[in-house]
Every structure is written in structure tokens, then in C-alpha cells.
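The values are calculated or read from the model by the stated rules, or taken from the named source; none is laboratory data. Because the structure is a prediction, the values reported are computed rather than measured. Cβ coordinates were reconstructed from backbone atoms using ideal geometry, including for glycine residues, and neighbour counts include every protein chain displayed. Calculation scope for accessible area: heavy atoms of the full protein, side chains included, ligands and nucleic acids excluded. Shrake-Rupley method; radii C 1.70, N 1.55, O 1.52, S 1.80 Å.
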Amino acid sequence: MRLIPTVEDFVSDPITQRYDDMVNPPGLTNFLGAAQADHDITAVRSVNFAPISHGDTVTGSLWVDGRLFRSYGEPVTIQWRPDRVVRSARLGDLALESTTVTPPGVDGVVVDIAVTNTSGDERKVRLALSVASTVTQAGPWRVPEPPSEPNTLAPVPGRTALLGRAATTAAVSVQGLDTDGARAGDRSLEVDVTLAPGERYRFGYVHVIGVDVEGVLATYDTVVADVPGQVAAARELWDDTLRAAFTPGNDQFSGHVPSLETSNDALRRLYWWGVMGVIWFRRDSPASHLDRVYDTVMPRYWQATTFIWDFSLSSMIHALLDPVPMRQQIEHWIALDIHRHFGTEWQTGGPAGYWYSVNDYAMIRLVRDYVRWNGEPGFLDVELAAHDGPAQPVAAHVADWATAWEGFRKEHALADYGDIDNLLECVSSYVHEVASLNAANVWCMRAAADVAALRGDDGLADDLRKKADALLPHVGELYVEGQGFWHARQPDGRMLPVRHCYDFTTVGMTIAADLPERRREEMVEYFVRELQTPSWMRALSPYDDDAAFSVRPDHQWNGAYPAWPADAARSLIELGRPDVAASWLPGLARTANQGPPGQAHFVEEAAEPLNGGAVKSPPQFPYLIDWACSSAGSWSALVIEGFFGVRPDVDGSLTVSSRLAAVDPDAKLRGLRAGGKLVDVDADGVTDSQGTHSSGVG
């Protein structure tokens with residue numbers, strides 16, 4: 001049983017598409033920036049390495065015998081793994097294949113291309129790549145699409161390459177081929193080849209960007225000299241990174257994640273999927289104001305932006321894998337006004353976007369997870385200034401966030417969280433007084449009370465717990481009796497029933513133990529009846545009145561955001577039905593077949609599954625979904641906190657409430673850092689580094 005994955009463990013199922021099908025092409029990263037494959041054999045797009053951006057420009061499109069390849073209408077098969085994208089197609093008697101990578105340490109992309117003559121006759125063929133360049137040097141990037149500007153293109157003397165120069169900035173790109181006999185035109189690179197029967201011909205396309213012409217040319221020369229070597233180096237980079245992530249004391253991360261021993265393939269696959277999906281967003285860009293950061297979506301939208309909400313959904317993995325940049329990110333957000341933006345762009349560290357009403361809850365989750373997994377209660381005493389006040393201990397900020405909801409109350413006892421853009425953006429009825437965040441307020445005050453008690457402030461702790469208990473019945477007022485879902489109360493007092501999964505997941509993960517048994521049963525029945533699908537889930541019930549409002553699948557009837565199924569399974573466990581969650585895992589694991597979790601996947605009714613897995617939703621209008629999202633860590637949390645039931649607390653105590661009987665009674669976590677100590681965990685509890693076993697309290 002292997003405990004550490006390699007790139008081979010994440011090879012996607014092949015997906016075949018014709019030009020501009022509703023397919024989300026895969027992306028690549030070398031932790032400096034990102035690029036995306038496009039809809040043919042060789043083309044790439046969104047080649048962006050802050051502060052240099054190509055926008056969403058497509059370049060490197062293939063031409064065969066003077067005709068654009070995609071105009072032939074031949075299907076292309078695409079397969080991803082962390083280090084590469086492999087594309088293949090047939091065009092008459094030609095077999096075409098390419099391997100695309102983002103080489104280590106290079107602001108750019110490489111495509112290694114092979115053409116094979118499958119006929120019994122000699123074949124002459126002209127191969128060409130059309131070149132586009134729109135690079136610009138810009139920062140900050142505060143809109144979804146990275147910037148671009150017009151460029152000039154000119155051949156580079158002594159090289160089969162074209163140099164793109166920006167009109168108003170110092171940005172440049174160099175794009176060229178590595179093969180003898182190739183030539184550069186005004187906006188194309190081409191080579192004539194004569195192939196014997198069965199002969200295979202390879203050549204490489206290199207695309208490098210930057211701001212210093214001589215430096216970019218020097219990088220280009222190094223890369224173009226050994227394109228196959230760059231492909232091999234990309235694999236080595238990713239295998240080394242994955243190995244480090246699971247190794248205590250490694251030299252790549254400030255922490256590590258535990259190894260999972262299990263005979264349950266679905267459990268293992270989803271656990272690894274979550275870890276890899278967080279690593280994919282690591283950025284070690286010299287352009288970062290915050291040193292190492294973690295992006296949120298990519299490769300097409302919101303590059304160089306970290307959303308508080310999404311970061312918090314992977315909070316446990318950030319705390320275990322890389323606590324140093326997590327703490328730096330928390331401290332940075334404390335200094336900004338979290339009630340005025342949804343995150344930060346990391347080139348300047350400045351705010352991005354409008355307010356997300358989840359931010360208070362998200363910040364408490366982040367601080368609590370950092371402290372409890374790392375055994376760092378001293379962080380609560382660190383004095384930091386918010387945007388509008390003097391320095392105060394982090395614990396005081398936690399108390400402020402926990403009671404911020406009181407400032408959002410209007411005519412009723414619950415907090416009013418505003419309009420559509422402050423919440424789910426594409427569900428028009430999910431506005432104002434929603435059950436999810438008001439239930440979270442109960443949890444937040446209890447979490448803040450634990451922090452206050454740890455620091456000896458028993459008066460504040462008692463006050464927060466009393467407020468939480470007083471708020472709880474008002475949350476219950478929103479429940480739709482007998483139905484399992486909740487209302488959203490409007491400012492005029494109207495109660496709109498909203499069958500959205502965010503109420504199910506958040507209520508279940510925050511106040512499940514406070515709900516009457518029958519209400520818990522009804523919530524599970526509703527989830528199974530209206531939201532759960534074989535390999536994914538609907539974010540909104542198709543029976544909801546708002547189901548016709550939007551087709552954006554991260555929060556509507558036709559799909560779900562990637563953290564929602566993981567958190568829904570966590571909610572099922574907390575509501576007392578780990579068996580329902582466990583039986584769902586094989587189907588969910590089939591969806592871990594297309595690279596890291598997408599910003600949304602379609603349910604089976606909306607799009608044909610890919611080898612039994614829910615397909616990633618496309619980027620085109622009206623869906624506007626990016627290929628990957630950083631909330632992947634919620635899947636690993638489902639395993640560790642959900643099924644293993646590991647519960648470290650801020651005071652250093654550690655309990656285990658195992659639900660492994662539903663998935664694998666013999667499963668073990670090796671090398672879990674909880675409360676700052678390395679332990680192993682199984683169904684019977686915790687074993688520490690001295691081999692001492694406890695039933696769960698340490």
C-alpha cells in the first residue's frame with residue numbers, strides 16, 4: 001500500500017471534444033503562474049505569470065498543410081495530470097500528439113509535439129503554429145480577467161522565434177520552435193517535413209514572457225535547447241512536491257499532511273484529491289507582496305487573488321500543510337476591512353471585490369484551525385491592529401467577528417446579510433436573513449467563548465455562550481417544518497422557502513447537536529430526496545422557485561461548487577448519518593477524474609458524466625466557471641475531521657469520535673500533527689510518538 005501519491009495517481013480520464021464544445025480545458029502551473037490548454041492539439045491560452053499577463057489570448061494554434069487544424073473538425077482527446085496535459089488527434093493519415101508543461105522556474109510554457117505518418121507512403125506535410133502576443137506588465141489585477149494590451153511581433157535574428165513587445169509597458173514574449181529548418185514569418189512559425197511510412201517527427205514550441213528582453217531571450221535559449229528535458233523536469237517538480245507534502249520536516253512546506261492507510265479506494269482518492277487540489281494553488285511568485293500565497297481559482301479568472309471564503313473552506317489543510325503562509329495571510333486580512341471586500345490580490349496586498357457576508361465566520365475558522373492544529377495558543381495573544389482601531393490581541397478580533405452579526409440586525413433578531421452579491425451571487429431568493437450564517441453565528445460565539453476561557457476571561461466566555469444560546473431558537477424560526485429545508489426571511493418579514501445546500505451544510509456543521517432528532521432526520525431526507533446525485537449534488541433543489549433564475553452551476557440546480565459535496569457529507573455525519581455519506585463516496589470518487597476539483601461540476605441531468613464522474617462545467621458564457629478551485633481541501637477535511645472524527649481544540653486537548661466503521665474500520669492516519677504533536681489515529685483513538693495509545697483525550 002503506497003502512502004504517498006505521484007503524478008500517476010492523478011492521471012485524468014481522457015475527454016474527447018470537438019472545437020469549442022462545452023469542455024473546460026485543463027490548466028497547468030509551476031507555482032509561479034499558470035497556463036491553460038486550448039481546444040486543439042498545440043494551442044495555449046491564459047499564459048499569465050504576474051506581473052506579466054497575456055490576458056486570455058490564444059496562441060500556438062496548429063496549422064496542417066496551410067489550413068487551420070481546428071477547421072477540419074476532427075476531435076481532440078485531452079488527458080491531464082499535475083505535471084502535463086497530453087492531447088492527441090487523427091487527421092487523415094497523420095497521428096498528432098502533444099505534451100504541454102510549465103517548466104520549473106520558467107515564466108512560460110512548453111509544448112512538445114509529435115507527428116506520425118501512419119500511411120504506407122511517404123508523406124510531405126507543412127506544420128505551422130500561429131503566434132499571438134498581447135503581454136502587458138500590470139498590477140494589481142482586480143478584475144476576473146487578467147490584463148493584456150496590443151503587441152508588435154517581429155522575428156528574432158538568429159532564432160526561429162518571434163518577439164512580442166507591449167505598446168505601453170516593458171512586457172515582452174518570445175515564442176519559437178526548436179527544430180532545424182523551421183522559419184519564422186510575420187505571425188507564424190512553420191516547418192516542412194517529409195515523413196517515411198511510419199516515421200515519427202517531433203518538434204517543440206517554447207513560449208516565455210518577462211520584462212527584460214535579454215533575460216527573456218536567455219531563458220528562451222535555455223529552454224528551447226532541451227524541450228524533452230523540460231517535460232521531464234516538470235514531472236520531477238511535481239513528484240518532489242507531492243512527496244514533500246506527506247513528509248514531516250520536508251524542505252518545501254512549513255508543515256505536512258498525514259499519510260492515509262486504507263483499503264477503501266474511494267476514501268484514499270478523495271483524500272489525495274483534496275491535498276493535491278490545494279497544492280495546485282501554491283504561488284511562490286517574486287511579484288507577491290505576501291511571499292508565498294495560495295490563489296483561489298485558475299487558470300482563467302481571478303489570477304493573483306485569494307478569497308477569504310474559499311481559503312477558509314480548505315482551512316484544515318492550510319493549517320497542516322503550510323501554516324506559516326496561512327498565519328501571514330490571516331494577519332494581513334486582520335489589517336484590512338473584511339466587511340468591504342471578499343479577499344486580496346497579492347501583487348500589492350490590496351483588497352479585491354465586494355463584501356462576502358461569510359467573512360466573519362471564515363476568519364474565525366482560519367484562526368481557530370491555525371491555533372488548534374499547530375498547538376499555537378500564543379497566536380491568540382499577538383497584538384495586531386485592524387483597519388479602524390488600535391492593536392489588540394488576535395483573541396479580541398475573534399470576539400469582534402463573533403459578535404459582528406449584531407450590527408447586521410434590522411427589525412428582527414437575526415442578522416440580515418444583504419443582497420445577492422453578498423451571498424451566493426446566482427440565487428436571487430437566498431438573501432437577507434439566511435439560516436446558514438445565522439447558525440454559524442451561534443458556532444462563532446461558542447468558538448470565541450472557548451478562546452476567551454483559554455485566556456482566563458471567564459466573564460466574556462460566559463456572555464458569549466449566553467448570547468449563542470439565546471440566538472439558537474431564533475435560527476430555528478427559519479425552519480420549514482416537516483420539510484428539511486429553511487426559509488430566508490426578508491426585511492418585510494416575508495418567509496421565502498429556499499431549498500439550498502448551503503443551509504444544509506452549514507447548519508449541519510455548526511449546530512447539528514442542537515437540533516431535535518426529527519429535524520435532523522428531515523434534513524437528511526430532504527438532502528437525499530432533492531440534492532444528492534450519484535456522483536455529485538445539486539446546490540439548489542430543482543423544486544425551488546428560484547431554479548430558473550440562473551444556470552451558473554456552482555450554486556444552482558445544475559451543479560455545485562466543489563466544497564459543497566464534501567461539506568454536505570460532513571453535515572450528514574454530524575446529523576447522525578455517516579452511513580449515507582459513506583455510501584455516496586464511490587460515486588464522488590468517480591468525479592475525482594479530471595484534475596483538481598473544478599469551480600463547479602455539472603450534475604448528471606445537466607451534462608453526460610465522464611466515465612461515471614460529474615464533468616467540470618465550462619468557462620464560456622453563461623456558465624463562467626474556472627477549471628479549478630482552491631476549496632479542494634474540504635475533501636481532505638471530510639476524511640480527517642469527518643470520518644476519523646479528529647477534534648483538536650484551542651486548549652491543546654484532542655478527542656476522536658470515529659465514524660470509520662462506515663468506510664474502513666482498519667483505516668489509519670500516520671503522522672498527523674494535532675495540537676502541535678505528531679500522532680497516529682485509528683478507530684480506537686490516538687497513538688503518540690512514544691507509542692502511548694489513548695481513547696481520544698490527550
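So which of Gly456, Gly482, Gly493, Gly508 is on the phi > 0 side of the Ramachandran plot and either without any contact (Cβ under 8 Å) to a residue 40 or more places away in the chain or open to solvent by less than 10 Å² (accessible area, probe 1.4 Å) (or both)? Write out each step before concluding.
Details: Gly482 fails: either without any contact (Cβ under 8 Å) to a residue 40 or more places away in the chain or open to solvent by less than 10 Å² (accessible area, probe 1.4 Å) (or both); Gly493 fails: either without any contact (Cβ under 8 Å) to a residue 40 or more places away in the chain or open to solvent by less than 10 Å² (accessible area, probe 1.4 Å) (or both); Gly508 fails: on the phi > 0 side of the Ramachandran plot.
After ruling out the rest, the residue left standing is Gly456.
If I go through segment 547-602 residue by residue, how many of them are under 23 Å from Trp80 (Cβ atoms) and basic (Lys, Arg)?
The qualifying residues number 1.
Ala592: closer than 19 Å to Arg529 by Cα and open to solvent by 10 Å² or more (accessible area, probe 1.4 Å), yes or no?
Values: closer than 19 Å to Arg529 by Cα: no; open to solvent by 10 Å² or more (accessible area, probe 1.4 Å): yes.
For Ala592, the condition - closer than 19 Å to Arg529 by Cα and open to solvent by 10 Å² or more (accessible area, probe 1.4 Å) - is not met.
Any idea which of Asp240, Asp251 is open to solvent by 20 Å² or more (accessible area, probe 1.4 Å), outside any helix (DSSP H, G or I) and not hydroxyl-bearing (Ser, Thr, Tyr)?
Values: Asp240 fails: outside any helix (DSSP H, G or I).
Just one listed residue meets the conditions, Asp251.
Within segment 579-587, is there a residue that is closer than 30 Å to Gly676 by Cβ, in a helix (DSSP H, G or I) and in contact with a Lys or Arg (Cβ under 9 Å, 6 or more places away or on another chain)? Walk me through it before giving the result.
Filtering segment 579-587 for residues closer than 30 Å to Gly676 by Cβ gives 581.
Next, only the ones that are in a helix (DSSP H, G or I) stay: 581.
With the extra rule that they be in contact with a Lys or Arg (Cβ under 9 Å, 6 or more places away or on another chain), the set shrinks to 581.
Yes, segment 579-587 has at least one match.
Give the residue that is most open to solvent (accessible area, probe 1.4 Å), with candidates limited to residues of segment 131-150 that are touching a residue at least 40 places away in the same chain (Cβ under 8 Å) and under 28 Å from Arg67 (Cα atoms).
Keep residues of segment 131-150 that are touching a residue at least 40 places away in the same chain (Cβ under 8 Å), which gives 131-142, 144-148.
Still in the list and also under 28 Å from Arg67 (Cα atoms): 131-135, 148.
Numbers: Val131: 11, Ala132: 30, Ser133: 12, Thr134: 29, Val135: 0, Ser148: 68 Å².
Among them, the one singled out is Ser148.
Which of the strands (runs of 3 or more DSSP E) found entirely inside segment 643-698 contain at least 2 residues meeting this: touching a helix residue (DSSP H, G or I) at 6+ places or on another chain (Cβ under 6 Å) and modelled with pLDDT of 95 or more?
Where strands (runs of 3 or more DSSP E) fall fully within segment 643-698 and carry at least 2 residues being touching a helix residue (DSSP H, G or I) at 6+ places or on another chain (Cβ under 6 Å) and modelled with pLDDT of 95 or more, they are 646-648.
Using the structure shown, decide if Val206 is within 30 Å of Thr296 (Cβ to Cβ), open to solvent by less than 40 Å² (accessible area, probe 1.4 Å) and at pLDDT 95 or above.
Details: within 30 Å of Thr296 (Cβ to Cβ): yes; open to solvent by less than 40 Å² (accessible area, probe 1.4 Å): yes; at pLDDT 95 or above: yes.
Answer is yes for this residue.
If you go through segment 365-387 one residue at a time, do you hit one that is modelled with pLDDT of 95 or more, among the charged types (D, E, K, R) and farther than 30 Å from Arg673 by Cβ? Even if it seems obvious, please write down each step before you answer.
Of the residues in segment 365-387, the ones modelled with pLDDT of 95 or more are 365-385.
Filter once more, so that each one left must be among the charged types (D, E, K, R): 365, 368-369, 372, 376, 381, 383.
Keeping just the survivors that are farther than 30 Å from Arg673 by Cβ gives none.
No: segment 365-387 contains no residue that is modelled with pLDDT of 95 or more, among the charged types (D, E, K, R) and farther than 30 Å from Arg673 by Cβ.
Go through segment 161-171 and give me each residue that's open to solvent by less than 10 Å² (accessible area, probe 1.4 Å), out of contact with any Gly (no Cβ under 6 Å at 6 or more places or on another chain) and not in a loop (DSSP other than H, G, I, E, B).
First pass over segment 161-171, keeping only residues open to solvent by less than 10 Å² (accessible area, probe 1.4 Å): 161-162, 164, 171.
Restricting the remaining residues to those that are out of contact with any Gly (no Cβ under 6 Å at 6 or more places or on another chain) gives 162, 164, 171.
Passing the criteria: Leu162, Gly164.
Residues of segment 521-576 being open to solvent by 40 Å² or more (accessible area, probe 1.4 Å), out of contact with any Ser or Thr (no Cβ under 9 Å at 6 or more places or on another chain) and in a loop (DSSP other than H, G, I, E, B), which ones?
Selection gives Pro534, Pro542, Tyr543, Ala548, Val551, Gly576.
I need a count of the residues in segment 288-335 that are part of a loop (DSSP other than H, G, I, E, B), open to solvent by less than 10 Å² (accessible area, probe 1.4 Å) and among the hydroxyl-bearing types (Ser, Thr, Tyr).
Residues in segment 288-335 being part of a loop (DSSP other than H, G, I, E, B), open to solvent by less than 10 Å² (accessible area, probe 1.4 Å) and among the hydroxyl-bearing types (Ser, Thr, Tyr): 2 in total.
Starting from segment 8-21, take each residue that is at negative phi and open to solvent by 70 Å² or more (accessible area, probe 1.4 Å) and list its partners that are assigned to a loop (DSSP other than H, G, I, E, B) and small (Gly, Ala, Ser), counting only C-beta distances under 8 angstrom and pairs at least six apart or across chains.
Matching pairs, first to second residue: Arg18/Gly73; Tyr19/Gly73.
Listed residues Arg465, Arg446; which is over 31 Å from the mean Cα position of the chain (by Cα), of a type in the set (Lys, Arg) and part of a helix (DSSP H, G or I)? Break it down stepwise before answering.
Values: Arg446 fails: over 31 Å from the mean Cα position of the chain (by Cα).
None of the others qualify; the one that does is Arg465.
Mind counting the residues in segment 124-164 that are at pLDDT 95 or above and either touching a helix residue (DSSP H, G or I) at 6+ places or on another chain (Cβ under 8 Å) or of a type in the set (Asp, Glu) (or both)?
Within segment 124-164, residues that are at pLDDT 95 or above and either touching a helix residue (DSSP H, G or I) at 6+ places or on another chain (Cβ under 8 Å) or of a type in the set (Asp, Glu) (or both) number 5.
Taking segment 254-283, which residues are among the hydrophobic types (A, V, I, L, M, F, W, C) and under 18 Å from the mean Cα position of the chain (by Cα)?
Once the filter is applied, which keeps residues that are among the hydrophobic types (A, V, I, L, M, F, W, C) and under 18 Å from the mean Cα position of the chain (by Cα), segment 254-283 yields Val257, Leu270, Trp272, Trp273, Val275, Met276, Val278, Ile279, Trp280, Phe281.
For Arg673, state whether it is among the basic types (Lys, Arg) and either at positive phi or open to solvent by less than 50 Å² (accessible area, probe 1.4 Å) (or both).
Numbers: among the basic types (Lys, Arg): yes; either at positive phi or open to solvent by less than 50 Å² (accessible area, probe 1.4 Å) (or both): yes.
Yes; evaluated as a whole, the condition is true for this residue.
Look at segment 347-397 and say how many of its residues are free of Cβ contacts under 8 Å to residues at least 60 places away in the same chain, more than 21 Å from the chain's Cα centre (by Cα) and surrounded by 24 or more Cβ atoms within 10 Å (Cβ to Cβ).
Final tally of qualifying residues: 0.
Scan segment 112-130 and give yes if some residue there is charged (D, E, K, R), open to solvent by 50 Å² or more (accessible area, probe 1.4 Å), touching a residue at least 40 places away in the same chain (Cβ under 8 Å) and under 26 Å from Gly277 (Cβ atoms), otherwise no. Explain how you work it out, then say what you get.
Of the residues in segment 112-130, the ones charged (D, E, K, R) are 112, 121-124, 126.
Now restrict to residues that are open to solvent by 50 Å² or more (accessible area, probe 1.4 Å): 121-122, 124, 126.
Pick out the ones that are also touching a residue at least 40 places away in the same chain (Cβ under 8 Å) and you get 121-122, 124, 126.
Next cut, under 26 Å from Gly277 (Cβ atoms) only: none.
No: segment 112-130 contains no residue that is charged (D, E, K, R), open to solvent by 50 Å² or more (accessible area, probe 1.4 Å), touching a residue at least 40 places away in the same chain (Cβ under 8 Å) and under 26 Å from Gly277 (Cβ atoms).
Residues in segment 398-414 that are free of Cβ contacts under 8 Å to residues at least 24 places away in the same chain and of a type in the set (Lys, Arg): how many?
Result for segment 398-414: 1.
Within segment 64-76, can one find any residue that is over 27 Å from Val193 (Cα atoms), in contact (Cβ under 8 Å) with a residue 12 or more places away in the chain and open to solvent by less than 20 Å² (accessible area, probe 1.4 Å)?
Within segment 64-76, the first condition is being over 27 Å from Val193 (Cα atoms), and the residues that meet it are none.
No, the conditions are met nowhere in segment 64-76.
This table checks each residue for (1) at pLDDT below 95; (2) outside any loop (DSSP other than H, G, I, E, B); (3) touching a strand residue (DSSP E or B) at 6+ places or on another chain (Cβ under 6 Å).
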| position | (1), (2), (3) |
| --- | --- |
| Glu8 | no, yes, no |
| Asp13 | no, no, yes |
| Gln36 | no, yes, yes |
| Asp40 | yes, no, yes |
| Ser71 | no, yes, no |
| Ser88 | no, yes, yes |
| Leu96 | no, yes, yes |
| Val106 | no, no, no |
| Ala114 | no, yes, yes |
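For segment 187-199, give me each residue that is within 17 Å of Arg67 (Cα to Cα) and either free of Cβ contacts under 8 Å to residues at least 12 places away in the same chain or open to solvent by 70 Å² or more (accessible area, probe 1.4 Å) (or both). Walk me through it before giving the result.
Taking segment 187-199 and keeping what is within 17 Å of Arg67 (Cα to Cα), we get 187-193.
Listed by number, the residues that qualify are Arg187, Asp192.
So Val639 fits all but one of (1) under 30 Å from Pro299 (Cβ atoms); (2) without any contact (Cβ under 8 Å) to a residue 60 or more places away in the chain; (3) open to solvent by less than 10 Å² (accessible area, probe 1.4 Å); what number is the exception?
Of the numbered conditions (1) under 30 Å from Pro299 (Cβ atoms); (2) without any contact (Cβ under 8 Å) to a residue 60 or more places away in the chain; (3) open to solvent by less than 10 Å² (accessible area, probe 1.4 Å), the odd one out for Val639 is (2).
For Val427, are the conditions met, namely being more than 20 Å from Phe311 (Cα to Cα), under 23 Å from the mean Cα position of the chain (by Cα), at pLDDT 95 or above and surrounded by 19 or more Cβ atoms within 10 Å (Cβ to Cβ)? Let's see the steps before the verdict.
Numbers: more than 20 Å from Phe311 (Cα to Cα): yes; under 23 Å from the mean Cα position of the chain (by Cα): yes; at pLDDT 95 or above: yes; surrounded by 19 or more Cβ atoms within 10 Å (Cβ to Cβ): yes.
When the stated conditions are applied, Val427 passes them.
Matching residues to (1) part of a loop (DSSP other than H, G, I, E, B); (2) surrounded by fewer than 21 Cβ atoms within 10 Å (Cβ to Cβ); (3) on the phi < 0 side of the Ramachandran plot:
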| site | (1), (2), (3) |
| --- | --- |
| Thr179 | yes, yes, yes |
| Arg202 | no, yes, yes |
| Ala234 | no, no, yes |
| Thr247 | yes, yes, yes |
